[in-house]
1. Taking the options I189, I181, name whichever one is crowded, with 18+ Cβ neighbours inside 10 Å and under 30 Å from Q226 (Cα atoms).
2. Kindly indicate the residue of segment 92-106 that is of a type in the set (V, I, T) and not in a loop (DSSP other than H, G, I, E, B) and also surrounded by the fewest Cβ atoms within 10 Å (Cβ to Cβ) among those meeting that condition.
3. Can you report the number of residues in segment 107-132 which are surrounded by 14 or more Cβ atoms within 10 Å (Cβ to Cβ) and assigned to a loop (DSSP other than H, G, I, E, B)?
4. If I136 satisfies all but one of (1) touching a residue at least 24 places away in the same chain (Cβ under 8 Å); (2) assigned by TED's automatic domain parsing to the domain that holds I181; (3) not in a strand (DSSP E or B), what's the number of the condition it fails?
5. Looking at V84, V67, V43, which is the one that is in a loop (DSSP other than H, G, I, E, B) and within 21 Å of I98 (Cα to Cα)?
6. Within segment 90-120, restricting attention to residues that are polar (S, T, N, Q) and within 29 Å of E173 (Cα to Cα), which residue is nearest to the chain's Cα centre (by Cα)?
7. Please note which strands (runs of 3 or more DSSP E) are completely contained in segment 140-235 and include at least 2 residues that are under 27 Å from R64 (Cα atoms) and not small (G, A, S).
8. In segment 143-172, how many residues are buried (at least 16 other Cβ atoms within 10 Å of the Cβ) and of a type in the set (D, E, K, R)?
Amino acid sequence: MVPTEKGKELYTKIVPLIEKLEITTLELKNEVTSQTQAPLIKVGTPAEYFTKAALQKWKKLDVRLSVQFDIASNLLEKLSDNEVDLIITTQKQTVAGIEYKKIENECFVVVAPPDKHCDASTMKEIEEWLLDQTWISYGSELPIVRRYWREHFKKRPDIKLSHVIPDLRAVLEAIEHNMGISVLPEYLIHESLASKKTIIMFPHLSVENTIYSAYKTENRDHPLLQKAVGALMVQ
C-alpha cells in the first residue's frame, strides 16, 4: 500500500502530536512516582568507571539506581533484553534500536610504583625499558596494553605478563604494592598520584578511548533518562 499525498500530509501533522503525547505521558508517570519515592534507573556499567567517575556526577540526581557491573558485550545484551535502561560502554556497536551518546574520552597512561625511573630518550629505548618490566593486565589478551603498544610502537607487545587481575582498581592496588606496572585510565589514578603511591611513566605517550552512554531508541525522549545522560556529559 502506498499513501496518497493527503495521507503523507496527515502523517507529518500527527507524528509530532504523538511524540508530544508520549513525552507528556512519561513526565506524568515520573511525577506520580516521585510523589511516593524517587524514580528508578537500571544501569549497566564497568565497575571502575561507575565508582570513580559516574557516581560523582550522579550523586545529586533525585533517582534510585539499580546497578549491574559487566563487560561491554554483556551490557549491550542486557540493554537489548530490557534488563537495564542505560549502559556505559567503551564499545560502540551498530545494533538496531540502540542509540549512543559520547560521554568523554578517557586517557590511558603507563602507571608504575614511585621508585621506578627511566632515562630513555628514544622510542626504541622506551620500548626496551617497558619490555624489561613486570606487567599486570586486566586480561590475558592484554586489552589495554595491546592498544598502547600498537599506537606507539606499531607492533604487538611481547611483554612478560606476571599478573592478570580483571578489575582496574585492583590492578592499581597491585601497582601501589610494587607488584608491577600497567596501563590505566587517568580518572582512576588521581588520588594515588596525589598521595605519591604511583607515578606516570612517559606522560607524553598516552592513548585515548571513547566512553559512551547507550539506551533504546524508544527512550530517546525519556526525560529522566536524558537527565542522567546529560549529567554524565558534564565535565
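The values are calculated or read from the model by the stated rules, or taken from the named source; none is laboratory data. Here the structure is a predicted model, which is why all the values come from computation and not from measurement. With ideal geometry, Cβ positions are generated from the backbone for all residues, glycine too; neighbour counts draw on all protein chains shown.
1. Being crowded, with 18+ Cβ neighbours inside 10 Å and under 30 Å from Q226 (Cα atoms) holds for just one of I189, I181, which is I189.
2. Only one residue tops the list, namely I98.
3. Within segment 107-132, residues that are surrounded by 14 or more Cβ atoms within 10 Å (Cβ to Cβ) and assigned to a loop (DSSP other than H, G, I, E, B) number 5.
4. The number of the failed condition is (3).
5. V84
6. T90
7. By residue number, 207-216.
8. Summing the residues that are buried (at least 16 other Cβ atoms within 10 Å of the Cβ) and of a type in the set (D, E, K, R) in segment 143-172 gives 2.
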